[in-house]
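For reference, the structure is listed below as structure tokens.
The values are calculated or read from the model by the stated rules, or taken from the named source; none is laboratory data. Note that the structure is predicted; figures quoted are calculated from it, not measured. Note that each Cβ is placed from the backbone with ideal geometry, even for glycine, and that neighbours are counted across all protein chains shown. Heads up: the accessible areas ignore ligands, DNA and RNA and are worked out on the full protein's heavy atoms, side chains in. Shrake-Rupley method; radii C 1.70, N 1.55, O 1.52, S 1.80 Å.
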Amino acid sequence: MKKKSYWKKRLLLLVAMSVLLFVLTGCGTGQITAHSTGIWDRYIVYNFARCISFLSFGGNHALGIILFTIILRIILLPLMHYQTKQMRRTQEIQPKLKELQQKYSSRDPETQRKLNEETQRLYSEYNVNPFSGCLPLLIQMPILMALWQALSRVETLTNGHFLWMDLSQPDPYFILPLLAAIFTYIASKLTSMSQIESNVSITIMNIAMPVMIFFMGMNLASGLSLYWVVSNAFQVVQTLLINNPFKIRKEREEKLRKERYLQSKLYHAQSPNRNKKKKK
């Protein structure tokens, strides 16, 4: 139940932050310059635009967005690594969580209170933060907001082009939104493959996120879709290098095989004693 609740909360958080993205970015439509006022416009959005312009070698703003995204992902790498470690720990304590849920299966308030206390104690014992998976989403949403506004409200970036696209306008052929959705799905799928167990909530999350990215990309600046493509492609490579689900599955299977082998040896070692007892 706790695991399903976690994925449901994460899905709700994604929806809430997406709504917030549309609301906040709709609050300002005027041009942002070095003379703009306000912390958000002057010090965040404008400096995002300056960083992208600095990285836009030869005036190529698409290259600036790509390099800017890679640098951001490298900066966020320790946070992502922390999230990965937390997810592994959460998976490891799933059998213990199930035991607690069976032990305190009654739905009365007192039993549920004890279940919550024991669950929190278990999280503390194994140093698990059940909401650590939401932290990268919370950090990346303001980045998306600032990037979108930088592309649409800072003059130096509003005239940027990449292949057939105006970076400040939606991709007319929906190619970047589709690529963003595909990489989002692959990244989510690889992450969920390392889970000990799968459930409906994880499956819904794996499908809902790419669909939301695709429809948002259809209506937002193509520069934002480019950010999603690069960011999620980076996530795919990062997962394969740091949290490779195929390697994790192989390790689990090897561990399970060894446990079964030891149990088998123990059983056969105890068999002569059982036979002697039967003869007596």
Please report the accessible area of residue 113 (heavy atoms, 1.4 Å probe, ligands and nucleic acids excluded) in Å², nearest 10.
100 Å²
Hey, for a label at residue 159 modelled as a point 7 Å past Cα toward Cβ, could you say which residues of region 199-235 have their backbone N under 13 Å away?
none
Using a 7 Å offset from the Cα along the Cα-to-Cβ direction at both residue 248 and residue 215, what is the distance between the two label points in nm, to one decimal?
2.9 nm
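Over the residues of region 37-265, compute the C-alpha Rg and express it relative to 2.2 N^0.38 Å.
Compactness ratio reported: 1.26.
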Got a number for the accessible area of residue 248? Probe 1.4 Å, square angstrom, nearest 10.
10 Å²
If R0 = 25 Å, then residue 70 and residue 122, at their Cβ-Cβ distance, give a FRET efficiency to the nearest 0.05 of 0.05
The correct ranking of 73, 89 by accessible area at 1.4 Å, largest first, is 89, 73
Determine how large the accessible area of residue 171 is when every protein chain is in place; take a 1.4 Å probe and give Å² rounded to the nearest 10.
0 Å²
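Determine the gain in length on full extension of the stretch residue 96-residue 255; use 0.36 nm per residue of separation and subtract their C-alpha separation, reporting nm with one decimal.
55.4 nm
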Quickly work out the residue 103-to-residue 39 label distance, labels modelled 7 Å from Cα along the C-beta direction, and quote it in nm with one decimal.
4.5 nm
Averaged per residue, the 1.4 Å probe accessible area of region 37-265, protein heavy atoms only, in Å², is roughly 54 Å²
With r defined as the distance between the Cβ atoms of residue 113 and residue 174 and R0 fixed at 41 Å, what FRET efficiency is calculated, to the nearest 0.05?
0.25
